[in-house]
Amino acid sequence: MSTLQRVFVAGAGMMGHGIAQVHATAGKNVTLYEPDLARAEAGFARIAGNLRRAVDKGRLESDERDAILALIVPTSDLATSSDADLVIEAVFEDIDVKHRLWRDLDRRAPAPAIFATNTSSIAIHRLAEAVRRERRRRFIGMHFFSPVPVMPLVELIRAHETTDDTVEAVREVAAELGKQVIVAADRPGFIVNRILMPYLADAMRAYEQGVGTAEDIDAGARVGLNHPMGPLELADFIGLDVCLNVMRVLEDGLRLEHLHPPRVLQEKVAAGHLGQKTGRGFYTYPRA
C-alpha cells in the first residue's frame with residue numbers, strides 16, 4: 001500500500017470532485033477544498049450523487065457508499081493541508097490562478113508532501129516555479145480525464161527537477177486508483193491534448209465553413225471513425241472555455257498555426273455559451 005494516505009484536493013469542480021471520489025474509493029482520507037465552503041460542499045454533494053446512482057444500479061453496496069463518504073471532508077480552510085501526504089490541484093486552467101494557489105499551499109503543506117497538478121496543458125516546470133526550489137523535486141503533473149471515476153487513464157508528467165522517487169510514488173497511487181499510466185514529456189498539452197485539441201479545432205473550422213451541420217460532423221466521427229462521441233459534442237462536454245484556454249496554451253507554447261483557436265469557438269465563449277454547463281454550445285441542452 002502506498003504511503004500517500006492523506007490527500008488534499010484543491011478544487012471541487014468537474015475534475016476535483018471526481019479526483020476526491022476515486023481517492024476515497026481507494027480508502028484514502030480526502031480533504032476537498034474550495035475557498036467558498038458552499039462550493040466545497042457542492043462538490044461533496046456531487047460525489048454523494050454519483051455514489052447513490054452506483055448503489056441504485058447495483059454496482060455498490062450502501063455501506064460501501066457510506067464508508068467512502070465518511071473519508072471525505074469538505075473545507076474552505078487551506079490550513080487543513082498541513083498534514084497532507086499528497087496535494088492535488090484541480091483549479092481553473094490559468095497559470096496565475098494556479099501560481100497563487102501553489103504559493104499558498106507551499107507555505108502550509110508539510111515539507112515531505114508531494115505536489116501534483118491536474119493541469120491539462122500548462123508545462124509543469126512553469127507551475128513548479130511557484131514553490132520553493134527544494135519542493136520542486138516533489139512537484140509533478142498528474143492529469144486525470146473526465147469523468148474521473150469512469151476514465152481509466154492518468155498522464156504523469158515530470159518537470160525538470162522531479163525525482164524518480166516522486167514519479168514512482170505517484171505511479172503507485174495511480175495503480176491503487178485502478179488507473180492506467182502513461183508518461184508524457186513536459187511540453188504544452190502533453191500527449192492527449194496535443195492530439196485532441198487540433199482534432200477539435202479542425203472539426204470547429206469545418207462547422208464554421210459550412211462543411212456540415214454539427215450533427216453530421218459528429219455522426220461522421222462516431223460512425224465513420226468509430227469514436228464514442230463526435231468532436232463538437234465532446235467539446236461541449238469538456239467546456240468550450242476549457243477548450244479555448246487549452247488551445248491558447250498550445251498555440252503560445254508550440255507556435256503552430258493549426259493550434260490557433262477557431263473563430264466560432266472564440267465567439268461562443270465570448271457570448272457565454274460554454275457547452276453543457278451553461279445549457280448551450282454547439283448544441284442546446286438538454287438535448288431532445
Checklist line | Proximal aspartates and glutamates relative to LYS28, as straight alpha-carbon distance under 19 Å, when same-chain residues fewer than 8 apart are discounted | finding: GLU41, GLU61, ASP63, GLU64, ASP66, ASP83, ASP85, GLU89, GLU168, GLU172, GLU176
Notebook entry, point to check: Helix 164-176 sits at what angle to the longest principal axis of the chain, using alpha carbons and giving 0 to 90 degrees rounded to 10?
Noted result: 80 degrees
Check: Which lysines does LYS277 reach when only Cα atoms under 27 Å apart count, and residues fewer than 8 places away in its own chain are ignored?
Finding: LYS57, LYS98, LYS179, LYS268
Next item on the list: Going by C-beta contacts inside 10 Å, put LEU259, LEU254 in order with the fewest on the left.
Entry: LEU254, LEU259
Next item on the list: Could you pull the Cα extents of the range 171-288 along its three principal axes, largest to smallest, in whole Å?
Entry: 45, 34, 29
Notebook entry, point to check: Out of residues 5 or more away from VAL183 or on other chains, whose amide H comes under 5 Å of its own, with H placed 1.01 Å from N in the peptide plane?
Noted result: LEU156
Notebook entry, point to check: Of ARG137, ARG187, ARG52, which has the largest mean-square fluctuation in a 10 Å C-alpha GNM of the chain?
Noted result: ARG52
Margin query: Quick check for me: using +1 on Lys/Arg Cβ and -1 on Asp/Glu Cβ, what's the dipole size of the chain about its Cα centre, in debye to the nearest 20?
Written below: 180 debye
Margin query: Through the Karplus equation 6.51 cos²θ - 1.76 cosθ + 1.60, θ set to phi - 60°, convert the phi angles of the range 117-122 into ³J(HN,Hα) values in whole Hz; use x for Gly and Pro.
Written below: 9, 8, 3, 9, 7, 6
Checklist line | Listed residues LEU244, LEU32, LEU156, most fluctuating in the chain (Gaussian network, C-alpha, under 10 Å) | finding: LEU244
Margin query: Could you work out [θ]222 nm for the chain from helices alone, using -39500 (n - 2.57) per DSSP H run of at least four and dividing by all its residues? Round to the nearest 500 deg cm²/dmol.
Written below: -13500 deg cm²/dmol
Item checked: Highest-MSF residue in the chain out of SER121, SER62, SER76 [GNM, Cα springs under 10 Å] -> SER62
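Values in this text are rule-based calculations from the coordinates and carry no lab data. Not measured: the values here are computed from a predicted model. Here Cβ is always computed from backbone atoms with ideal geometry, including for glycine, and neighbour counts include all displayed protein chains.
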